[in-house]
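**Student:** Mind looking over this structure? Questions follow.
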Amino acid sequence: MTQTIVIAEMNNNAVHPSTAELVTAAMAIGDAPTVIVPCTDASVANGAANMGAGTVIAAKSGAFTHYDAGGWAEALDAVAPPGTVITGASPQSKDLAARIAARRNLAVIQDAVAIDGNSITSPVYSGKAMQTVSISGPAVVSVRSNVFAASSGGATEASVIDTDGNVATSVAEFMARASERLDVGEANIVISGGRGMGSPDNFVHLESIADTLGAAVGASRAAVDTWEAIPHAMQVGQTGKTVNPSLYIAVGISGAIQHLAGMRSSKYIVAINKDADAPIFQHADYGIVATWEEALPVLHTALKSMLD
Amino acid sequence: MPNIVVLVKQVPDTNAKIAVSGNRVDLSAVKMVMSPYDEFAVETALQHREASGGEVTALTVGGAGCDKILKDAKAIGVDRIVRVDAEGEMDSNALQTVLAKAVTELGAEVVYCGKAAADTGAGSTGPGLAERMGWASVSNAIGASFDGGLSVIAPSGAGNAKLNVPLPAVVSCDKGDFKVRKPNVKGIMQAKKASVDVHSIDAPASSVTVTSHSLPPAKPAGKTFDGGAAAAEVAQLLRDEANVL
Ligand SMILES: Cc1cc2nc3c(=O)[nH]c(=O)nc-3n(C[C@H](O)[C@H](O)[C@H](O)COP(=O)(O)OP(=O)(O)OC[C@H]3O[C@@H](n4cnc5c(N)ncnc54)[C@H](O)[C@@H]3O)c2cc1C
Ligand SMILES: Nc1ncnc2c1ncn2[C@@H]1O[C@H](COP(=O)(O)O)[C@@H](O)[C@H]1O
């Protein structure tokens with residue numbers, strides 16, 4: 001069987017639960033993987049216990065203090081045995097996957113959504129088509145979250161290996177994000193507004209529903225381009241963020257192909273639009289033909305009574 | 001004065017419908033354009049030249065049909081346009097090996113590229129090229145400044161960070177908070193006359209082969225409701241039928 005290695009998905013210096021999904025993906029290729037946890041403090045590697053790993057290694061290094069693609073790839077490469085390497089598909093993990101692959105002279109396949117032995121499927125053309133490739137020999141594969149079931153059992157303890165890498169970049173300044181709100185790329189529910197919201201001030205109606213749901217607020221490019229108060233960080237789509245939440249609510253968004261590119265893989269899509277012919281309705285699980293002025297207060301009341 | 005290279009790739013227009021026939025995408029009827037993020041890479045490269053002098057070379061790997069996007073880059077203001085002649089599919093390993101040789105031949109000190117090509121959506125090329133060159137890299141940059149050395153703004157943790165980037169380096173560019181310049185009449189005239197410098201570089205064999213393309217699984221038709229009052233029913237369905245609340 002092919003030896004597999006999972007680079008743990010990290011969030012705020014902790015092992016992210018989606019790492020257990022990466023273990024399942026690795027086992028679709030080969031043996032129970034070696035899970036490697038990049039860390040400065042080896043105790044965080046305990047977070048990868050009971051995720052189905054064959055072995056867990058805490059790769060401990062000062063190089064992991066801030067993210068530097070080259071330094072991280074070098075430090076992880078030194079610890080990882082040969083084999084097929086699996087990472088998450090967050091922007092940072094895809095970047096790391098590409099550098100590890102190049103370091104090992106391997107090919108990299110990004111955003112896998114299905115794996116069957118050496119056959120791997122991922123979306124291409126912004127999700128307008130799926131591509132299946134076959135790999136001969138080891139490769140590096142990044143795997144989308146929310147696709148594979150989480151694995152469990154397996155290794156319960158981590159062994160610690162000290163490692164190092166040459167960190168080339170340095171942080172001159174951390175910049176707080178424009179708002180304290182949840183980022184669309186991280187949220188499990190996203191509610192987005194488009195030009196149909198009429199004015200940036202009306203986004204407060206989306207924000208209050210987002211607060212009820214624990215959701216992030218997103219926007220179409222038309223909204224971002226038209227209103228200065230709506231920052232690009234909120235943009236979903238081809239030239240914005242790609243989101244994969246379990247629920248996406250599009251309000252006053254027509255559903256242009258470039259917007260769909262960023263959200264079409266959401267598990268459930270709700271659309272609120274006053275135009276029954278808006279293309280977004282062809283992609284919605286639940287479509288409401290109404291103005292947002294009519295629909296949002298009703299939606300908010302119903303959600304509040306359900307969730308509070 | 002740095003030698004600046006910007007990578008550009010030809011891809012289907014993002015408005016285009018992608019058809020699949022015989023298990024392969026059929027691009028014969030599709031308009032081809034420069035990949036959208038590459039426009040931000042070109043703009044960043046030109047801003048770098050304006051700040052520190054030097055030359056900008058636009059580089060692509062592809063067939064003769066890709067000359068058009070090189071001419072587009074020329075019209076916007078790059079100095080030189082270079083194409084490494086290649087046909088057919090290459091995996092990331094083969095493509096990056098070719099790019100590394102080309103970037104070495106061009107004597108580049110800094111390379112800008114798009115954060116992800118609109119066809120692959122991968123985002124592998126920038127960091128992979130940097131690793132092969134032994135260079136620093138930063139991906140998904142949304143801004144850059146050039147006085148006192150290169151620094152870029154890129155996502156970091158929950159926010160953004162301004163990073164000092166020692167040269168040589170590869171920077172992959174996201175949509176920035178700036179407008180990309182458009183070609184002017186003079187640029188378009190120059191681009192018409194400009195000739196593409198064609199290189200040939202051997203690519204190693206690919207270990208990844210495309211076996212099939214398919215359309216994404218069709219979603220079952222959704223339910224549509226008329227009038228805002230239906231929002232209450234939808235909320236209920238989200239909980240009871242979809243199980244997402
Ligand atoms: C290269 C390229 C990249 C792009 N990248 C992106 C991207 O990343 N993300 C993106 O979103 N777009 C992107 N676009 C733009 C895209 O083509 C569309 O122009 C954009 O998505 C439209 O945004 P919208 O739906 O908010 O606005 P519109 O198309 O103007 O739609 C507004 C909608 O609101 C509805 N409406 C109006 N009033 C109300 C009301 N009171 N209540 C309810 N509904 C109402 C209307 O019926 C309409 O459907 C890109 C375009 C290009 C060419
Ligand atoms: N064949 C190519 N020729 C030139 N540049 C390329 C090529 N493929 C990818 N790139 C560059 O690398 C970026 C990311 O591509 P990808 O890794 O495929 O997502 C693109 O936006 C281009 O800037």
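**Student:** Leaving ligands, DNA and RNA out of it, report the carbon-plus-sulfur percent of the accessible area of the stretch B:3-199 at a 1.4 Å probe.
**Tutor:** 51 percent
**Student:** Separate question: Placing one identical point scatterer on every Cα of the stretch A:189-307 and ignoring solvent, what is log10 I(q)/I(0) from the Debye formula at q = 0.13, 0.19, 0.23 Å⁻¹?
**Tutor:** -0.42, -0.95, -1.47
**Student:** Positive end of the charge dipole of chain A (Lys, Arg +1 and Asp, Glu -1 on Cβ, about the Cα centre): tell me which of A:290, A:27, A:66 has its Cα farthest that way.
**Tutor:** Selected residue: A:27.
**Student:** On average, how much area does the Cα convex hull of the protein assembly as shown cover when viewed from any direction, in nm²?
**Tutor:** Over all viewing directions, the protein assembly as shown projects a mean Cα-hull area of 24.6 nm².
**Student:** With solvent modelled as a 1.4 Å probe, how much accessible area in total do chains B and A shield from it at their shared surface, in Å² to the nearest 100?
**Tutor:** Chain pair B/A: roughly 6200 Å² of buried accessible area.
**Student:** On average, how much accessible surface per residue is there in the protein assembly as shown, in Å², for a 1.4 Å probe, leaving out ligands, DNA and RNA?
**Tutor:** 41 Å²
**Student:** Can you pull the Rg over Rh of the stretch B:98-245, Cα-only, Kirkwood?
**Tutor:** 1.14
**Student:** While we're here: Please average, across the residues of A:288-297, the number of beta carbons from any other chain that are within 10 Å of each residue's own beta carbon, and give a whole number.
**Tutor:** 5
**Student:** Next up: Mean-square fluctuation check for chain A, GNM, Cα pairs under 10 Å: which of A:258, A:235, A:282 is largest?
**Tutor:** A:282
**Student:** While we're on this one: Report the trypsin sites (Lys or Arg not before Pro) located in the stretch B:31-136 that are in a DSSP loop and have at most 15 other Cβ atoms inside 10 Å of their Cβ, or state none.
**Tutor:** Answer by residue number: B:31.
**Student:** Relative to the present Cα-Cα distance, how much length would full extension add between residue A:166 and residue A:134 at 0.36 nm per residue of separation?
**Tutor:** Computed gain between residue A:166 and residue A:134 is 8.2 nm.
**Student:** Rg/Rh for chain A: what does it come to with C-alpha atoms and Rh from Kirkwood?
**Tutor:** 1.01
**Student:** Right, next: Would you mind telling me the share, in percent, of accessible area of the stretch A:189-307 contributed by carbon and sulfur at probe 1.4 angstrom?
**Tutor:** 49 percent
**Student:** Connecting C-alpha atoms closer than 10 Å in a GNM of chain B, tell me which of B:224, B:120, B:104 has the biggest fluctuation.
**Tutor:** B:224
**Student:** Still on this structure: Measuring from a point 7 Å past the Cα of residue B:205 along Cα-to-C-beta, which residues in the stretch A:112-136 have an amide N at less than 13 Å?
**Tutor:** Output list for this probe position: A:136.
**Student:** Buried by at least 50 Å² relative to the chain on its own: which residues of the stretch A:97-115 qualify, computing accessible area with a 1.4 Å probe on protein heavy atoms?
**Tutor:** Buried by 50 Å² or more upon assembly, which counts only protein chains, are A:99, A:102, A:107.
**Student:** Once you have the Cα-Cα distance between residue A:78 and residue A:306, take 0.36 nm times their residue separation minus that, and quote the gain in nm to one decimal.
**Tutor:** Taking residue A:78 through residue A:306 to full extension adds about 77.0 nm, to one decimal.
**Student:** Another question, if that's okay. For the stretch B:3-199, compute Rg over Rh where Rg is the Cα radius of gyration and Rh is the Kirkwood radius from the inverse mean 1/r over Cα pairs.
**Tutor:** 0.95
**Student:** Just want to confirm a number: the relative contact order over the stretch B:3-199, from Cα pairs under 8 angstrom separated by 6+ residues, in percent.
**Tutor:** 26 percent
The values are calculated or read from the model by the stated rules, or taken from the named source; none is laboratory data. Note that the structure is a prediction, hence the values are computed from the model and not measured. For neighbour counting, all protein chains shown are included, and Cβ atoms are generated from backbone atoms with ideal geometry for every residue, glycine included. Protein only, heavy atoms only, side chains kept; ligands, DNA and RNA dropped before computing areas. Shrake-Rupley method; radii C 1.70, N 1.55, O 1.52, S 1.80 Å.
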